[in-house]
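Shown next, in structure tokens, is the structure this report addresses.
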Amino acid sequence: MADDKEPRYDPAVIESKWQARWAADPALYAAEPVTCGKPKYYVLEMLPYPSGQLHMGHVRNYSIGDALARHMWMRGYNVLHPMGWDAFGLPAENAALKNNTPPREWTLSNIAAMKRQMSRLGLAYDWATEVTTCLPDYYRWNQWFFLRMFERGLAYRKKSKVNWCPECATVLANEQVVDGCCWRHEETKVEQRDLVQWFFRITAYAEELLADLAKLDGWPEKVRTMQRNWIGRSEGTEVDFLLAPGGVIPQPDGSLGPFVPPQGVERVRVFTTRVDTIFGATSVQLAPEHPLVKALAEHDAGLRSQVAELMEEQKKAKEAGDVGAIEKHGIPLGHFAINPYNGEQVPIWVANYILMDYGTGAIMSVPGHDARDFEFAHKYAIHIRRVIAPADPAAEETPLPFLTEDGVLINSGEYDGLSCEAAQKKLQQVAESGGFGKATVTYRLKDWGVSRQRYWGTPIPMVYCEAHCQGDTPIPVPDEQLPVLLPEKIEITQQGGSPLSRVPEFLNTTCPKCGGPARRETDTMDTFVDSSWYFYRYTDAKNSSAPFSSEVVRYWFPIDQYIGGVEHAILHLIYSRFWTKVMRDLGLIANDEPVEHLFTQGMVIRNGAKMSKSKGNVVSPDEMVARFGADSARAYALFAAPPDRDLDWQEDGVAGVSRFLARVWRIVTKHAATARSAAADHMASTGDESALKGHGFSRADDRRKIVGASAPEGSSSQDAQKLLRKLHRTIAKITQDFEGRWHFNTCIAAIMELVNEIQAADAQLSSGDVPAPVVRELLRTLVLLLAPFAPYLVAELWEELGETGSVLRAPWPVSDPGLARKDELEIPVQINGKLVSVVTVAADADSKTIEAVALTVEKVQARIAGKTVLKVIVVPGKLVNLVVK
Ligand SMILES: [Zn+2]
Ligand SMILES: [Zn+2]
């Protein structure tokens, strides 16, 4: 029966007490100056969008980062652990439309609300470095970078087909199209439209972005693979097929007349990764948007409508997100192209599965050795020719299509007999010396379209001067006129393009070149611009003369540990790598890559599904904190699953963690007086105050003196020794986990086991059978080990133990290897390399002892009976192997 008078663990009381103290001490989590002389550690969680509400995914992400930050502080590092807000974006405009609240007001009040939640959770952020991307002191540097990129040709404008989300009423980057739908509107099909857009030339860095993936061995392999595929490098050859003379096409007056190729399309340039198969090319296939198709269809209404159909099919396949799965259709154009290697004329087709933006928008079709070409040729009865045979002449004939790069050429004139690889090199050389082609590399990665027809984003710092300065040529806004401010008063309709084009005060400006009237660019930047470099700004967030100090960045970068969801594997994590390389080339930074170690945590799910309002399975962090306390919610988020796996949220589990923390609280408060008296005695006898700041004992010797090196069975010293062993094994395990795989779930489980053992010895702790200095070490270390996971409870108990100052400044406990070592080991016994048995020996047993034990095993004796033991190999602590004959 619970005694009402007995004090109880009350997280609400403890947490509000410490929250107030921490709020009054902003230096607590502040990074020290770069001159402090300590090693640095930059730990970062991805910054959230300020929706107004943290969700459990955030709590998990931040609990992981926070545990790491706290641990590194205790390890003596200068830790930078900042937080900010990815504050531009569409939801603010949607909210403005719905609630008639200006986006800025809505965003800033959401930020305030989420900041309160974060502080309630006790997250250790250095708020002096806070970055809010929608404020001019930040976005002016987006504009500044934009101008630097424009100067270097890395920002440019072009008319292009764009992904258009009718719901967002704006352009989306390729990366924002998911299975043919908008990444924000999973139900909305993305359309293709023609618009003049701003782009960043990320393709200029394609090769380096790909090559440097090899350096990122601190990143999950799956993320590197996703980036490699996204960049999509393929090596191949461009070959020019001349148009064969002859052929008639409809003329402007409708009559038939000779086809005269317009300038630029006298030849069809194809891209192929398999030039070794070019003697098997039996047609050339063009994308529906290919300029030659356009020329042929110019006065041919019939062809135009057929091509339009192909285009429509392709568009639909794109919208469905899988052009590869398209049902292939094509039309022969009635013209021929000449294979430059053998002079053969092959028919030219236009087909719905050829993409204008891959390679050159034209391919040679080799049905004998390509599955897709085979399917097409089969359907339209196009000639199929075998040009590759198995490398082994004795091999049986293979069915077509024969897909191999490990064969030899046949039916390929003078190149017969060459291996595929040798033929590729040879044929590239021939093309280059003949002037009809070259080796080339093509990428799937496209330039980054950054124009958005929205209000709530960074204005692009360009103006257009109609009267004097060539009309449509963009003129950069001079640096000293930055920032180009977003107007505050705005009417959001989400119709008819950018809202900025309807604000005369914004739109109308003066030309920086001629002083005449000019209009501003009304596109704003993709919000992925904001998140591409925000983590540099954290290091010097108040700088008003530069985006950051290069010197400060040199100290803090690269980021030691970045933590976020795997959904950012390609978008944010490629853009920010690109941005880093651009900043390096601008001479601002020295690092090539922004992030040394990346960790992608699993999702938080409930009842087997991702938490979402529509499924009604959302758990609110506020509710969890109100019911169980922040420490329980945080510790549970770490305890319930390894951090890289999905976590299925169970309320019983949170309650269980809360009961565990209550147990810790009871044990420590119950014996705190003993620990305090041990500290006082120690100081009185030695006058050594510094020793008290350490691990409870100044030297391992002292510990052994008290506990006794070889305590007799059943003695009090033996109890103490057992507890200390458990304690030091726990220290070793948790320390190792922080350095390695972050299995915080097993860390907390190990602390639970330790607490069980301490609790089981409760009577001995009370009676003095366990000496007071040991009690002190046990409790003090237990609190230190919990510090990364349950900061409120730990602060309270730290004070209870008579300690002063923040626990974050106390050194992380170091395990005594003598105590941490296991008492006994299991050692496999082999005979002639085969496992026969396993023996249990003392951990410190020497070779002779292990050998003797191994030879007494019945199974071993049976196997060696009547044989000669030639040799016994003992690897202490590892194995025994008998060599017998
Ligand atoms: Zn959308
Ligand atoms: Zn002008």
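Below, the figures for the structure above:
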quantity: Residues of the stretch 169-189 satisfying the condition of being within 8 Å of ligand 1 (Cβ to nearest atom), assigned to a loop (DSSP other than H, G, I, E, B) and either hydroxyl-bearing (S, T, Y) or touching a Leu at 6+ places or on another chain (Cβ under 8 Å) (or both); calculated: W183, R184, T188
quantity: Unique match (being of a type in the set (K, R) and surrounded by 24 or more Cβ atoms within 10 Å (Cβ to Cβ)) among R60, R104, R21, R75; calculated: R60
quantity: Strands (runs of 3 or more DSSP E) contained entirely in the stretch 225-276, each with at least 2 residues that are within 19 Å of M364 (Cα to Cα); calculated: 234-243, 267-272
quantity: Residues that are modelled with pLDDT of 95 or more and out of contact with any Lys or Arg (no Cβ under 7 Å at 6 or more places or on another chain), drawn from the stretch 460-483; calculated: I460, P461, M462, P476, V477, P478, D479, E480, Q481
quantity: Every residue from the stretch 298-311 that is open to solvent by 40 Å² or more (accessible area, probe 1.4 Å) and hydrophobic (A, V, I, L, M, F, W, C); calculated: A301, A308, M311
quantity: Search result, residues across the stretch 505-538 that are within 16 Å of ligand 2 (Cβ to nearest atom) and of a type in the set (A, V, I, L, M, F, W, C); calculated: L507, C511, C514, A518
quantity: Residue, most open to solvent (accessible area, probe 1.4 Å), within the stretch 259-297, restricted to residues that are without any contact (Cβ under 8 Å) to a residue 12 or more places away in the chain and not β-branched (V, I, T); calculated: Q263
quantity: Subset of the stretch 439-453 (residues that are away from ligand 1 (no atom under 16 Å from the Cβ) and either assigned to a strand (DSSP E or B) or among the aromatic types (F, W, Y) (or both)); calculated: A439, T440, V441, T442, Y443, W448
quantity: Where R193 falls short, out of the listed (1) under 30 Å from F599 (Cα atoms); (2) surrounded by fewer than 17 Cβ atoms within 10 Å (Cβ to Cβ); (3) in contact with a strand residue (DSSP E or B) (Cβ under 8 Å, 6 or more places away or on another chain); calculated: (1)
quantity: Verdict on L801 being open to solvent by less than 20 Å² (accessible area, probe 1.4 Å), under 30 Å from Y125 (Cβ atoms) and either under 39 Å from the mean Cα position of the chain (by Cα) or of a type in the set (K, R) (or both); calculated: no
quantity: Options I831, I873, I827; residue that is over 45 Å from the mean Cα position of the chain (by Cα) and open to solvent by less than 60 Å² (accessible area, probe 1.4 Å); calculated: I831
quantity: Filter result for the condition that a residue is modelled with pLDDT of 95 or more and under 23 Å from W456 (Cα atoms), over A31, A96, A69, A87; calculated: A87
quantity: Close pairs from the stretch 814-839: first without any contact (Cβ under 8 Å) to a residue 40 or more places away in the chain, partner part of a loop (DSSP other than H, G, I, E, B) and of a type in the set (A, V, I, L, M), Cβ under 7 Å, at least 6 apart; calculated: R821/A843; E824/A843; S837/V857
quantity: Whichever residue in the stretch 139-167 is of a type in the set (K, R) and part of a strand (DSSP E or B) and, among such residues, is farthest from ligand 2 (Cβ to nearest atom); calculated: K161
quantity: Candidates A371, A362, filtered to the one that is under 21 Å from Q424 (Cβ atoms), in contact with a strand residue (DSSP E or B) (Cβ under 7 Å, 6 or more places away or on another chain) and at pLDDT 90 or above; calculated: A362
quantity: Any hit, the stretch 154-167, residues being in contact (Cβ under 8 Å) with a residue 24 or more places away in the chain, among the aromatic types (F, W, Y) and more than 24 Å from A633 (Cα to Cα); calculated: yes
quantity: Odd one out for K446 among (1) without any contact (Cβ under 8 Å) to a residue 12 or more places away in the chain; (2) open to solvent by 40 Å² or more (accessible area, probe 1.4 Å); calculated: (1)
quantity: Qualifying positions in the stretch 386-409 - in contact (Cβ under 8 Å) with a residue 12 or more places away in the chain and open to solvent by 50 Å² or more (accessible area, probe 1.4 Å); calculated: A391, L400, L403, E405, D406
quantity: All helices (runs of 4 or more DSSP H) inside the stretch 671-777 with 3 or more residues being open to solvent by 60 Å² or more (accessible area, probe 1.4 Å), within 30 Å of R60 (Cα to Cα) and modelled with pLDDT of 85 or more; calculated: 716-739, 744-760
quantity: Count of the stretch 318-330 residues which are buried (at least 19 other Cβ atoms within 10 Å of the Cβ) and either of a type in the set (G, A, S) or modelled with pLDDT of 95 or more (or both); calculated: 1
quantity: Test: K726 is within 26 Å of A679 (Cβ to Cβ), in contact with a Leu (Cβ under 6 Å, 6 or more places away or on another chain) and of a type in the set (D, E, K, R); calculated: yes
quantity: Options L97, L135, L108; residue that is in contact (Cβ under 8 Å) with a residue 40 or more places away in the chain, closer than 21 Å to L485 by Cβ and of a type outside the set (D, E); calculated: L135
quantity: Hey, A206 among the aliphatic types (A, V, I, L, M) and more than 20 Å from M356 (Cα to Cα) or not; calculated: no
quantity: Cross-chain or 6+ apart pairs with Cβ under 7 Å, the stretch 874-885 first and closer than 17 Å to R821 by Cβ, then of a type outside the set (G, A, S) and outside any strand (DSSP E or B); calculated: P876/D846; P876/I850
quantity: Verdict on Y205 being more than 18 Å from Y534 (Cβ to Cβ), assigned to a helix (DSSP H, G or I) and among the aromatic types (F, W, Y); calculated: yes
quantity: Test: residue in the stretch 7-21 that is over 27 Å from S658 (Cβ atoms) and assigned to a loop (DSSP other than H, G, I, E, B); calculated: no
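One line per residue, one yes/no per condition, for (1) of a type in the set (S, T, N, Q); (2) in a loop (DSSP other than H, G, I, E, B); (3) at pLDDT 90 or above:
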site	(1), (2), (3)
P788	no, yes, yes
L793	no, no, yes
E799	no, no, yes
L819	no, no, no
V838	no, no, no
E851	no, no, no
G866	no, yes, no
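The values are calculated or read from the model by the stated rules, or taken from the named source; none is laboratory data. All figures in this text were calculated on a predicted structure; none of them were measured in a lab. Backbone-built Cβ (ideal geometry, glycine too); neighbour counts: all protein chains shown. In case anyone asks, the SASA skips ligands and DNA or RNA and just uses the protein heavy atoms, side chains included. Shrake-Rupley method; radii C 1.70, N 1.55, O 1.52, S 1.80 Å.
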